[in-house]
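Below is one structure, written out as structure tokens; the observations come after it.
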Amino acid sequence: MKNILIIGAMEEEILPLVSDGNYTKHETKPYTYYEGISYGKKLIITVSQIGKVAMSSCVQHFITFVANSDLFDEKKIDLVINMGVAGAISGKLHQGDIVAADKLCQHDMDVTGLGYEIGLNPDLPSVYIDVRPLVIDAVKKAYDALSCDYELQIGTIASGDQFISSKEKRDFISTHFDPLACEMEGAALAQVCAANDVDFLVIRAISDMADGEAPLSYNDFKEKAIVNLTELTKGTLKNIK
Ligand code: ADE
């Protein structure tokens with residue numbers, strides 16, 4: 001049976017999934033986590049808190065913890081999933097739609113002062129980190145099996161330690177990275193998973209359009225976006241081989 005770690009940056013992003021299953025809650029430091037078997041998978045579900053540093057630390061913590069504990073017999077995590085909300089950068093997305101990343105980048109990584117390409121961390125081989133196609137296929141299959149009133153789009157997600165709520169910032173990200181959506185953690189998860197040779201999936205529901213209206217529409221729409229996301233994540237978990 002596959003061992004899967006699911007992380008949301010905020011509690012509200014994972015609680016609907018947690019309430020759908022039967023999990024044991026472990027109130028440990030620094031992370032409280034839920035653990036149990038659902039959808040034919042052994043799951044750990046937890047909250048990283050917001051931002052790239054928080055996400056990196058959380059992913060590495062659980063990869064190391066599982067390697068050194070008896071939680072999973074195999075002592076390894078097969079897949080890490082990040083579920084949450086995102087702001088749309090592409091004009092073809094609407095609130096409630098879902099984006100599954102096929103590659104991720106950090107829009108706030110800037111070592112251009114030393115002559116590097118915008119977005120490139122000089123320690124990494126490229127600006128973008130790719131997701132294994134097999135994992136995305138599981139999302140597509142889940143979407144096709146549901147009759148949804150929202151769209152699924154596959155493409156780039158750009159992460160940075162900024163809530164994007166201005167035309168200037170949105171245009172900057174669009175011009176340099178051409179992503180479908182922006183959020184604050186996915187690329188950090190991708191980088192840590194890649195360094196540990198662990199598969200990963202970043203799946204996000206659009207809560208706002210990353211523009212001047214974003215703070216209001218984010219709060220109004222977050223809950224509905226997470227309902228759609230939880231439905232698709234459950235289907236995806238069932239499809240993971
Ligand atoms: N998550 C949801 N909306 C966002 C936005 N506009 N910017 C960054 N992260 C987000």
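The values are calculated or read from the model by the stated rules, or taken from the named source; none is laboratory data. Owing to the predicted nature of the structure, the values given are computational and were not obtained by experimental measurement. Every residue, glycine among them, receives a Cβ derived from its backbone with ideal geometry; neighbour counts consider all protein chains shown. These area figures cover heavy atoms from the full protein model, side chains too; ligands, DNA and RNA do not enter into them. Shrake-Rupley method; radii C 1.70, N 1.55, O 1.52, S 1.80 Å.
Please determine, by comparing only the residues of region 178-208 that are hydrophobic (A, V, I, L, M, F, W, C), part of a helix (DSSP H, G or I) and surrounded by 23 or more Cβ atoms within 10 Å (Cβ to Cβ), which one is farthest from the ligand (Cβ to nearest atom). Only one residue tops the list, namely Cys193. Beta carbons closer than 6 Å, at least 6 apart along the sequence or on distinct chains, pair a first residue in region 203-221 that is in contact (Cβ under 8 Å) with a residue 24 or more places away in the chain and within 15 Å of Ile173 (Cβ to Cβ) with a second that is near the ligand (Cβ under 8 Å from one of its atoms) and part of a loop (DSSP other than H, G, I, E, B) for Ala210/Ile164; Ala214/Ser165. Between Pro30, Pro16, the distinction of being surrounded by 15 or more Cβ atoms within 10 Å (Cβ to Cβ) and either part of a helix (DSSP H, G or I) or not aromatic (Phe, Trp, Tyr) (or both) belongs to Pro16 only.
Residues are listed down the side, and each one gets a yes or a no for (1) over 30 Å from Cys105 (Cα atoms); (2) of a type outside the set (Gly, Ala, Ser):
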residue	(1), (2)
Leu5	no, yes
Ala9	no, no
Glu12	no, yes
Val18	no, yes
Thr28	yes, yes
Thr32	no, yes
Gly40	yes, no
Ser48	no, no
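In summary, Ala88 fulfils each of the numbered conditions (1) within 16 Å of the ligand (Cβ to nearest atom); (2) loosely packed, with under 14 Cβ neighbours inside 10 Å with the single exception of condition (2). Scanning region 104-127 turns up one or more residues that are more than 20 Å from Gly84 (Cα to Cα), in contact (Cβ under 8 Å) with a residue 12 or more places away in the chain, buried (at least 17 other Cβ atoms within 10 Å of the Cβ) and under 18 Å from the mean Cα position of the chain (by Cα).
Among the residues of region 66-90, which ones are over 19 Å from Ala9 (Cβ atoms) and among the hydrophobic types (A, V, I, L, M, F, W, C)?
Those that are over 19 Å from Ala9 (Cβ atoms) and among the hydrophobic types (A, V, I, L, M, F, W, C): Val66, Ala67, Leu71, Phe72.
Select from region 209-238 the residues that are more than 10 Å from the ligand (Cβ to nearest atom) and either under 22 Å from Leu104 (Cα atoms) or crowded, with 16+ Cβ neighbours inside 10 Å (or both) and list them in ascending order. Listed by number, the residues that qualify are Ile226, Asn228, Leu229, Thr230, Glu231, Leu232, Thr233, Lys234, Gly235, Thr236, Leu237. Given the options Ile37, Ile50, Ile81, name the one that is assigned to a strand (DSSP E or B), open to solvent by 10 Å² or more (accessible area, probe 1.4 Å) and among the aliphatic types (A, V, I, L, M). Only one candidate passes the filter, namely Ile37. Considering (1) surrounded by 14 or more Cβ atoms within 10 Å (Cβ to Cβ); (2) among the small types (Gly, Ala, Ser); (3) in a loop (DSSP other than H, G, I, E, B), the lone condition that Ser57 does not fulfil carries the number (3). When the test is whether a residue is within 16 Å of the ligand (Cβ to nearest atom), out of contact with any Pro (no Cβ under 8 Å at 6 or more places or on another chain), at pLDDT 95 or above and farther than 24 Å from Glu223 by Cβ, Lys52 passes it. For the criterion of being touching a residue at least 60 places away in the same chain (Cβ under 8 Å), open to solvent by 10 Å² or more (accessible area, probe 1.4 Å) and either out of contact with any Ser or Thr (no Cβ under 8 Å at 6 or more places or on another chain) or among the charged types (D, E, K, R) (or both), Ile63 passes.
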